[in-house]
Structure formats: structure tokens, C-alpha cells
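Student: I'd like to ask some things about the structure below.
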There are 2 protein chains.
Amino acid sequence: MENDKRRPGSETRSEILRVALELFTERGFEGASIRDIAEALGMTKSSLYYHFASKDAILAALMENRRDEVDDLLAWVDEQPRTPDLLRRTALRWVDSTGEERLQGMRFAHANGPVMQRLAADGTDRRSLFGTVIDRVLPGSATVPERLRAQMAFDSVSAALFAAQGTTASDADVLAAAREATVHLTDDA
Amino acid sequence: MENDKRRPGSETRSEILRVALELFTERGFEGASIRDIAEALGMTKSSLYYHFASKDAILAALMENRRDEVDDLLAWVDEQPRTPDLLRRTALRWVDSTGEERLQGMRFAHANGPVMQRLAADGTDRRSLFGTVIDRVLPGSATVPERLRAQMAFDSVSAALFAAQGTTASDADVLAAAREATVHLTDDA
DNA sequence: GTCTATAGGTTGATAGAC
DNA sequence: GTCTATCAACCTATAGAC
């Protein structure tokens, strides 16, 4: 897949991140130990510590990989004409641009509520950035319930993912359901 | 509030459960130790182990406290006429019957994805029961996407709770947004 | 019912040889 | 870059005095 442009000659690093994301999602951040990750990779803890200074550093790298997506959305919003359907168009752009990688990130977030909040406190998460998007998409006079509803429109993928737990729904099913939900949630009838 | 009918003369037990739920929600099941819970109660670990045989036993008691809610919903559904709007009526009944206690339970579930799945594997969770509700509310010919959409209608409180993270929205705001979402998600337009 | 003391295991992280 | 060996700190859980 050739997508490790950032650090040339460090395929081990991205291998570690791939496995770590998988285990953190499956068992939770605290539930998956450094040893678990190392063994899944066929190496020892110490070797892993050569590549990452700490367990938190792995987490940070995992987030860094995916942080500028919301920035892109923000830039796009600023170029848009301020039509009444701006909320719907923006939310749909977000939902429609959801690929396998972002889905994996959302699965991770669902499995790690407390950790995500710890990151939010540090200002390193991407979720708090969403407030900014909504600020620009909604008029300044918007009420708390209106903002909440807008947030739900953006979060519909996450909601669909949650609803799909324990079912046989495919990723395509999830994304289709999310899109439909976003449309309904941005309906001003 | 006098709601410990089940075990007379065991207020300590319910006090432990109250604090445990709070800490498990805040820091996650693995993130909150038995010692943390004991200290928050002003007692030692050992005293706590007098009341509960294990950490998992606390978790089990926490779930047991809230498991028959879906059974009640199921019984209610069976009494209903099979009108076309049965899905909406049932989902709204669920959302409208959401009180502070169930909200707390949902916050817990959000903070403990992996633990909830471990419980689901044991068949002790209440989430898998929801599949049964949907089976009876939807025609047998319903497709996977249709079932997914129905599940989202029931999960709207959870979704609103998730959207409200990091905002100033009150519980009332969350419930109002959830209701609205449920209405929209059960709209056959 | 609550305590002290402790067992027995796992965790994240480090030192240093190769 | 990877290893063995080790550490201090934490965990769940138990034994036994009061």
C-alpha cells in the first residue's frame, strides 16, 4: 500500500502502529499491554522501546497520523458560500469522506472513552476541533440544542458503528446508514 | 432516595456500587482499581472484598441492577397492535423512559467498550436483547440496512450523549435531542 | 465488618551485552 | 536493532487478628 511517506526506511514503526491500533481497539488501551503488542509482532518489549519512548508515545503517534482531517474540513468550509444548507453539505462531506482508516479510528475511540478524554484535556485530540467547525457552519445565534443536533449529524458514522455492534452489518451498510441519518438530522421540516 | 429494596440492611453494598459506577465511568474499568474505590469510600480494599467476591462481581452487580428494563419493553411490545408505526412508538417509548439512572448506565457503556463486549460474549448484557426487540417490531422481511436504521433509532440517547461530550449541554438537552433524532430516524418519507 | 500484612502476578520502563 | 535480565510500582485477591 506504500503509504509511509513520512519516515523513510522505518517500516517497523508503522508495523508497530498497525498492530497497536488493532489491539487497543480490541481490548482497550489499558487492556492491551506493551508485551501483548510486542509478542503479536514477534519481538520483545525492549525492542519495541527502541522505536517508541513510552506507551503514551505510541498513542500520540496514532493520533498524529489522523489529526489534520478536521483541519481540511475547516479550510473547505471557509471557502463555501454561506447558504442555508451549509450545515447539511458540510456534514455530508465529512460522512462521505469516511474511509476504512477513519472507521478504524472511530472504533478505537469507542473502545477508549477515558483515554480520549485524557487526550482532549491535553488539547491533542481532534474531537474538540469539531466545535470550531460547528461554530462556522451555524449562525452565532444558534442555541445549545441546535448545536447538539448539528454535532449528532457529524457523529452519525460513529452512531451507526455503535448500532452495528453485534450485527452482521458490513462497513458499507454502516456508511449508508450514517449518510441517511445525517440527511434526516439536517432536515429542517 | 430509598431504592435498595432488594437487599435489606445492606446500605454499604449500594454505596459501593454507586461509587464504583462513578469511577468506572470516569476512568474505565481497568483504569479504576479496587483500592481507588475503597479509598473513595473511606475504607480499605479488604473491607470491600467482604462485600464483593471480586472486581468482576461488582461489575456483574452493576449490570444486574439494570437488566430487566429491556424485558419490560419486550413485554410491552407483545401487547401492542402491529401497526405500521410500531417501530417509532416502541423506540419513542424507550427514549422517553430514559431517566438519570439509565443515562449513567450509558455513560458507563461508552467508557467501557471492551468490557461491555466481554459481557456480551457471556450473554449477560442487555444490548444483545435489543436484537430481539427489533425482530418483533420489524417485519421478518426487513433487510440489514433497515435493521441497522432501527437500531440507531433506539440508540439515539447514546448518540446524543456522545455528541454532548465536551459541550455545555444538560441532560435535558441530551434527551430532547435524542427524542428528535428518534423521530427523524423513524420517518418513512 | 473492618483492619494489617502479605502473597503472587502483571505492568511500564531501563541497563547493558551483542 | 534486538536481545536477556532486572526494577519498582502497581494490581487482584487472601489469611487472620480484632
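Student: Can you list which of the chymotrypsin sites (Phe, Trp or Tyr not before Pro) found in the stretch B:44-104 are DSSP loop residues with at most 14 other C-beta atoms within 10 Å?
Tutor: none
Student: Of all the Cα-Cα pairs you can form in the stretch B:13-73, what percent are over 14 Å apart? Kindly include the intermediate steps, with their values, before the conclusion.
Tutor: Numbers: 986 of 1830 pairs.
For the stretch B:13-73, the share of Cα pairs beyond 14 Å comes to 54 percent.
Student: Rg(Cα) of the protein assembly as shown divided by 2.2 N^0.38 Å?
Tutor: Relative to the rule-of-thumb radius for its length, the protein assembly as shown sits at 1.05.
Student: Something else now. Return the average number of partner chain Cβ atoms within 10 angstrom of each residue Cβ along peptide B:27-35.
Tutor: 4
Student: Then there is this: Please work out the FRET efficiency for the pair A:Asp135 and A:Thr44, using the Cβ-Cβ distance as r and a Förster radius of 51 Å; give the result to the nearest 0.05.
Tutor: FRET efficiency, A:Asp135 to A:Thr44: 0.60.
Student: Would you mind estimating how fast the stretch A:106-189 diffuses translationally, via Stokes-Einstein at 37 °C and 0.692 mPa s with the Kirkwood radius over Cα pairs, in µm²/s?
Tutor: Answer, rounded: 230 µm²/s.
Student: Still on this structure, I have one more. Projected area of the stretch A:48-189, taken from the Cα convex hull and averaged over every viewing direction, in nm²?
Tutor: 10.2 nm²
Student: Give me the one-decimal Kirkwood hydrodynamic radius in Å for the stretch A:18-124, with the sum taken over alpha-carbon pairs.
Tutor: Averaging 1/r across every pair of different Cα atoms and inverting gives 15.8 Å.
Student: Could you work out the mean count of beta carbons from other protein chains within 10 Å of each residue's beta carbon in B:175-182?
Tutor: So the per-residue partner count for this stretch is 4.
Student: What is the sum of charges, Lys and Arg at +1 and Asp and Glu at -1, for the other residues whose Cβ falls under 15 Å from the Cβ of A:Ser33?
Tutor: -3
A short reminder: the numbers here are calculations on the coordinates, not readings from a lab. Keep in mind the model is a prediction, meaning the values are calculated, not measured. Ideal geometry is used to build each Cβ from the backbone, glycine not excepted, and the neighbour counts take in all protein chains shown.
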